[in-house]
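The structure under discussion appears below in the form of structure tokens.
The values are calculated or read from the model by the stated rules, or taken from the named source; none is laboratory data. Given the structure is predicted, the values throughout are model-derived calculations rather than measurements. No Cβ is skipped: glycine too gets one built from the backbone with ideal geometry, and neighbour counts run over all protein chains shown.
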Amino acid sequence: MIYGDYLHENIQLNEESVWAGSKTNNNNPQARAHLGEIQQAIFHQEYNKALDLANNYMVEHSRIRSYQPLGNLYQLPMEDRGQLCAKRSLNLHNGIAKSEYAIDGNKVTPRSFVSCRY
């Protein structure tokens, strides 16, 4: 999670295995064998059938694990120049969080990328 203002940007780090044990693999070994069947159901607009098949064969359902903050990563302090952050955005397609503001008339656009891959 990324929050704060342009003087105090904070990235909150999460990692489930620190709090709930080792990493898990939720991939179902039967997924590949049923992928074509799921795709055909979608192509034939049989969405409930596709959803049922995906729920049964795509993911191993395990117990819900706790997910707690691991720590905070703060940006280096910046001198306050009286300019508030003008715009913040999050692109869910590429995972980029962006702020836009100006310091002494110069546009600053810090970007942050955080991946859930491990």
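Residue under question is H61, and the condition is that it be out of contact with any Phe, Trp or Tyr (no Cβ under 9 Å at 6 or more places or on another chain), over 22 Å from D5 (Cβ atoms) and modelled with pLDDT under 85; does it hold?
Yes.
Checking the structure you have, find out if any residue of segment 23-36 is modelled with pLDDT under 70, closer than 30 Å to R111 by Cβ and surrounded by 11 or more Cβ atoms within 10 Å (Cβ to Cβ).
No: segment 23-36 contains no residue that is modelled with pLDDT under 70, closer than 30 Å to R111 by Cβ and surrounded by 11 or more Cβ atoms within 10 Å (Cβ to Cβ).
Being surrounded by 13 or more Cβ atoms within 10 Å (Cβ to Cβ) and in a strand (DSSP E or B) is the filter here, so list the residues in segment 103-118 that pass it.
If the condition is that a residue be surrounded by 13 or more Cβ atoms within 10 Å (Cβ to Cβ) and in a strand (DSSP E or B), then I103, V108, S112 are the ones that fit.
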